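Novice: The structure follows.
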Amino acid sequence: MTDIPKSRIQADVESLAAGKFTGEEGGPLVSPGKDLAAAAMVAIIGIAAMALSLDLDAPASLYTAPGLLPFLTGLSLLIMAAGLAVKALKRAHLTEILKAAGNPIGPFLAGVEGRRTLVLMGLVLAYVVLTDLINFEIRMPAGFYTFRFSSYETISIPVIALILKMFWRARWLACITVAAGMVIALAWIFRDGFEILLPGSG
Amino acid sequence: MDTVFAQLASQLAIAFTPWMLVVCLAGVTLGILWGAMPGLSTTMAMALLIGLSTGMSQHVAVMFMLGVYTGSVFGGAISAVLINIPGTPDAVPTMIEGYPLAQRGEGGLALGTAIAASFLGNWVGIFLLIAFIPAILFLALQFRSWEMFLLAMWGIAICGSMSSGEMPLKGWISGWIGLLISFVGLDAIHGVARFTFGFRILEDHISYIPLLIGLFGLTEVLKVLPQKNPPGIPSKVGRVIPPFSMLWKYARTSLRSGLIGTIIGAIPGAGANVASFLSYDIARRRARPEERAKWGKGSYEAIVSAEVANNANIGGSMLPTLTLGIPGNAAAAAILAALEMKNIVVGPTIQTENPGIIYFIYIGLIIANFLMYFMAIGLIKPCVKLFSLPRTLLMPLIIPICMMGAFAVSLSYFDVYLMFIAGIAGFILHRFGFPLAPMVLAVILGPLADENLRRALLVFEDHSILSVLIDRPLGTVLLLVVLYTFYDGIFRRAK
């Protein structure tokens, strides 16, 4: 019976019982392997930031150089990455981490939840790209009110209906009705209620 | 003094128009319903509604956002008590104590206590906000470039510490990545393009609003939707009567929790979650033995401690947001965004550049608090019906709102892509245990830190370090605070 991810609620309840501080965004500690991978990624970002900062022109003195703070930020990221790696290695030996690592995204893809997340990401990406590529708006004046229907509704309704079908698992008719009702209501609130232009309708 | 009264009178006249009250009521109602739905957090509500506020006038947008903020912080208590799932993470203590009470048939009284405590908590927060704003504004006006740089860095550092609890390092990394994002674009002093990779669109800087929507809107959808979540089965509510006698009985706890909530709210990065957890923990340690025995099994004092604190947090979070331009938490960052989009310059000069807006915010918070009190009582039964709706039905509907919100900010499709990338990045960062709020805060504060550091270094060019430390005592104090924040995170928290 969890909605906010179970681990977060459980971690919060446990931390409260133990009188332990888990921070504003809380949650459990991740595995040392993940921390080590994150440290490597952060180190790469830090080094890249330092290299790019050094490439920047410095029109006046070093003190006002545009790359000064970016360089220092990159450098401190590199130090923090080292700190994160050390902490990960203190929690588990490198050989244990490497033995447990294998394919880093394998366990994520092996689970139903992981696969569902990837499909959802793909659908949202398709939704974003389609709304960018297809642009039209149909206006139907009817006396005192002009009905407007744009590419935004045309794309949103089937995409949201598809997402509902996949995750809500209701009948197609129910999914399409809910998606259409919600998208049209939202479009009306934004476009007619607050006169905000919708994506894809310009 | 005449000017103060004139400004106050004019803001009262604006706030007490029927339209403004309707807007606030709509915000509070939306906030309560949103907060009550498990998985839909206060920050998410605030982030998504920035887009809607672009179509509103300045005062209407502020009133609406304040209404949503006030309503959604309380809303989390409803599902916590009735279905044992906190609507917002800060309602976890209320869930631990409220649900056992609901199972014993005291759900109405538990919720009534939460409403009364929230009402009181808001008052404490508003009172302390009004009391401390003049002093902090006076202090902030003494700040020069060096102090502003240190203040921005402290904001990011403390936000990192407060967000990630056991691993402050991860909070700092998140913040430092945010700093790098904030540097993208033309630099403000020489106009040199930084990290743009030849893309002209990046020269305009990366707006933090699509990032906020992506990180707190789309990321949440990606986290929650793929999980299998059967809807909760609500307990019976009974009659909801907010018992103010309960607050009187626990007067000391109420006042202490209000103070904790407000102070925590004023610390960047520490929001309602830290406030309610800390207040709950301190109240448990200080409770009388007979009361402490009820802790975890349904204690009214515990509900009072948590709910007073998380609502007092609202006023507290507005304090640094308005006076220093440093958001007290991610929800306050959304308020900051709404204010900036309406050309309200927050920070030390808020009073001179936007005369009267602070009074309007006080009045807005007070109106929202009264409306929250009445709407909370009225909305509990409809909320029970909402709980029977599965999250898999509600979450997909957030996606078009994310898209509309990101696009509405500057009518640029680039922002929609940015929102999508931020959503994916937020999901990955979450999987690796990195908090997201420090990143947003750093994107907001990065330009401030960058410009002020370079200006300060130019001023200090011919000075020795010692003379800087002696001549700028305020800066030296801030430097020590920044160093202590890192020391605390590295050495003390690690133990």
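The values are calculated or read from the model by the stated rules, or taken from the named source; none is laboratory data. Here the structure is a predicted model, which is why all the values come from computation and not from measurement. With ideal geometry, Cβ positions are generated from the backbone for all residues, glycine too; neighbour counts draw on all protein chains shown.
Novice: Quick one: is B:F127 in contact with a helix residue (DSSP H, G or I) (Cβ under 8 Å, 6 or more places away or on another chain), in a helix (DSSP H, G or I) and more than 14 Å from chain A (Cβ to nearest Cβ)?
Specialist: Against the criterion (in contact with a helix residue (DSSP H, G or I) (Cβ under 8 Å, 6 or more places away or on another chain), in a helix (DSSP H, G or I) and more than 14 Å from chain A (Cβ to nearest Cβ)), B:F127 qualifies.
Novice: Continuing with this model, one more query. Among the residues of the range B:41-74, count how many are farther than 21 Å from A:D192 by Cβ and small (G, A, S).
Specialist: Going through the range B:41-74 one residue at a time, the tally reaches 6.
Novice: Next question, about the same structure. Quick one: which residue in B:A456, B:A442, B:A425 is more than 8 Å from chain A (Cβ to nearest Cβ), of a type outside the set (D, E, K, R), part of a helix (DSSP H, G or I) and over 26 Å from the mean Cα position of the chain (by Cα)? Explain how you work it out, then say what you get.
Specialist: On the way: B:A442 fails: over 26 Å from the mean Cα position of the chain (by Cα); B:A425 fails: over 26 Å from the mean Cα position of the chain (by Cα).
Every option except B:A456 fails the conditions.
Novice: Checking B:I201 against (1) of a type in the set (V, I, T); (2) crowded, with 19+ Cβ neighbours inside 10 Å; (3) away from chain A (no Cβ under 11 Å): exactly one of these is not met. Which one?
Specialist: All conditions are met except number (2).
Novice: Can I ask one more? Looking only at residues in the range B:116-132 that are crowded, with 24+ Cβ neighbours inside 10 Å and out of contact with any Gly (no Cβ under 8 Å at 6 or more places or on another chain), which one is nearest to B:A302 (Cα to Cα)?
Specialist: B:A117
Novice: Same structure again: Out of the range B:341-360, which residues are in a helix (DSSP H, G or I) and either at pLDDT 90 or above or within 15 Å of B:F64 (Cα to Cα) (or both)? Please lay out each step first, then the result.
Specialist: Filtering the range B:341-360 down to residues in a helix (DSSP H, G or I) leaves B:341, B:350-353, B:357-360.
Hits for the range B:341-360 are B:M341, B:I357, B:I358, B:Y359, B:F360.
Novice: If you check every pair at least six apart or on different chains, which have Cβ atoms under 9 Å apart with a residue in the range A:109-127 that is assigned by TED's automatic domain parsing to the domain that holds A:I163 and over 18 Å from B:I428 (Cβ atoms) first and a residue that is in a helix (DSSP H, G or I) and of a type in the set (D, E, K, R) second?
Specialist: Going by the 9 Å Cβ cut-off, there are no qualifying pairs.
Novice: Going through the range B:406-447 one residue at a time, which ones are closer than 28 Å to A:A58 by Cβ and surrounded by fewer than 21 Cβ atoms within 10 Å (Cβ to Cβ)?
Specialist: B:P447
Novice: Here are B:E106, B:E97: which of them is of a type in the set (D, E, K, R), over 21 Å from B:V28 (Cβ atoms) and within 14 Å of another protein chain (Cβ to nearest Cβ)? Working first, answer last.
Specialist: On the way: B:E106 fails: within 14 Å of another protein chain (Cβ to nearest Cβ).
Criteria check complete, one pass: B:E97.
To keep it simple, each residue is scored yes or no on (1) under 26 Å from B:W19 (Cβ atoms); (2) modelled with pLDDT under 85; (3) among the hydroxyl-bearing types (S, T, Y).
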{"residue": "B:G315", "(1), (2), (3)": "yes, no, no"}
{"residue": "B:A331", "(1), (2), (3)": "yes, no, no"}
{"residue": "B:I335", "(1), (2), (3)": "yes, no, no"}
{"residue": "B:Y362", "(1), (2), (3)": "yes, no, yes"}
{"residue": "B:F387", "(1), (2), (3)": "no, yes, no"}
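Novice: Being part of a helix (DSSP H, G or I), crowded, with 21+ Cβ neighbours inside 10 Å and of a type outside the set (S, T, Y): is that true of B:I399 here?
Specialist: When the stated conditions are applied, B:I399 passes them.
Residue-by-condition table, conditions (1) aromatic (F, W, Y); (2) at pLDDT 90 or above:
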site	(1), (2)
A:A81	no, yes
A:A88	no, no
A:I105	no, no
A:R115	no, no
A:L123	no, yes
A:Y127	yes, yes
A:P141	no, no
A:T146	no, no
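Novice: Cβ-Cβ distance below 7 Å, separation of 6 or more or different chains: which pairs start in the range B:127-150 with a residue that is within 24 Å of B:N452 (Cα to Cα) and end on one that is not β-branched (V, I, T) and not in a helix (DSSP H, G or I)?
Specialist: Pairs that qualify, where the first residue is within 24 Å of B:N452 (Cα to Cα) and the partner is not β-branched (V, I, T) and not in a helix (DSSP H, G or I), are B:L137/B:P348; B:A140/B:P348; B:L141/B:P348; B:F143/B:P348; B:W146/B:R472.
Novice: Give the number of residues within the range A:37-79 that are surrounded by fewer than 22 Cβ atoms within 10 Å (Cβ to Cβ) and either facing chain B (nearest Cβ under 8 Å) or not in a helix (DSSP H, G or I) (or both).
Specialist: 13
Novice: Give the residue, chosen from B:T113, B:T88, that is more than 10 Å from chain A (Cβ to nearest Cβ) and buried (at least 24 other Cβ atoms within 10 Å of the Cβ). Spell out how you get there, then give the answer.
Specialist: Values: B:T88 fails: more than 10 Å from chain A (Cβ to nearest Cβ).
After ruling out the rest, the residue left standing is B:T113.
Novice: Before we move on, is B:I366 at pLDDT 90 or above, under 30 Å from A:S31 (Cα atoms) and surrounded by fewer than 23 Cβ atoms within 10 Å (Cβ to Cβ)? It would help to see each step written out before you state the result.
Specialist: Values: at pLDDT 90 or above: yes; under 30 Å from A:S31 (Cα atoms): no; surrounded by fewer than 23 Cβ atoms within 10 Å (Cβ to Cβ): yes.
So B:I366 does not fit the description; no.
Novice: Are any of the residues in the range B:262-281 within 14 Å of chain A (Cβ to nearest Cβ), modelled with pLDDT under 85 and within 30 Å of A:K165 (Cβ to Cβ)?
Specialist: no
Novice: Would the range B:51-61 turn up any residue that is β-branched (V, I, T) and either in contact with a Phe, Trp or Tyr (Cβ under 6 Å, 6 or more places away or on another chain) or part of a loop (DSSP other than H, G, I, E, B) (or both)? Full working, then the answer.
Specialist: Step one: filter the range B:51-61 for residues β-branched (V, I, T), giving B:54, B:60.
Subsequent filtering for residues that are either in contact with a Phe, Trp or Tyr (Cβ under 6 Å, 6 or more places away or on another chain) or part of a loop (DSSP other than H, G, I, E, B) (or both) retains B:54.
Yes, that holds for at least one residue.
Residue-wise test of (1) free of Cβ contacts under 8 Å to residues at least 60 places away in the same chain; (2) closer than 19 Å to B:H205 by Cβ.
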site: B:L397; (1), (2): yes, no
site: B:Y417; (1), (2): yes, yes
site: B:V440; (1), (2): no, yes
site: B:V443; (1), (2): no, yes
site: B:L457; (1), (2): yes, no
site: B:P473; (1), (2): yes, no
site: B:T476; (1), (2): yes, no
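Novice: From the list B:F434, B:F486, which residue is out of contact with any Leu (no Cβ under 9 Å at 6 or more places or on another chain), in contact (Cβ under 8 Å) with a residue 24 or more places away in the chain and not in a helix (DSSP H, G or I)? Can you show your working first?
Specialist: Numbers: B:F486 fails: not in a helix (DSSP H, G or I).
Exactly one residue qualifies, and that residue is B:F434.
Novice: Which one of these does B:P348 not meet: (1) closer than 30 Å to B:D204 by Cβ; (2) within 14 Å of another protein chain (Cβ to nearest Cβ)?
Specialist: (2)
Novice: Can I ask one more? Can you name the condition, by its number, that B:G185 falls short on among (1) more than 11 Å from chain A (Cβ to nearest Cβ); (2) within 28 Å of the chain's Cα centre (by Cα)?
Specialist: Evaluating B:G185 over (1) more than 11 Å from chain A (Cβ to nearest Cβ); (2) within 28 Å of the chain's Cα centre (by Cα) leaves (1) as the failure.
Novice: Of all residues in the range B:1-50, which are of a type in the set (S, T, N, Q), part of a helix (DSSP H, G or I) and at pLDDT 90 or above? Before the answer, list the steps.
Specialist: Keep residues of the range B:1-50 that are of a type in the set (S, T, N, Q), which gives B:3, B:7, B:10-11, B:17, B:29, B:41-43.
From the residues that got through so far, the ones that are part of a helix (DSSP H, G or I) too are B:3, B:7, B:10-11, B:29, B:42-43.
Listed by number, the residues that qualify are B:S10, B:Q11, B:T29.
Novice: Checking the conditions here, which among B:I213, B:I177 is within 11 Å of chain A (Cβ to nearest Cβ), among the β-branched types (V, I, T) and crowded, with 20+ Cβ neighbours inside 10 Å? Explain how you work it out, then say what you get.
Specialist: Working: B:I213 fails: within 11 Å of chain A (Cβ to nearest Cβ).
Going through B:I213, B:I177 in turn, just one is within 11 Å of chain A (Cβ to nearest Cβ), among the β-branched types (V, I, T) and crowded, with 20+ Cβ neighbours inside 10 Å: B:I177.
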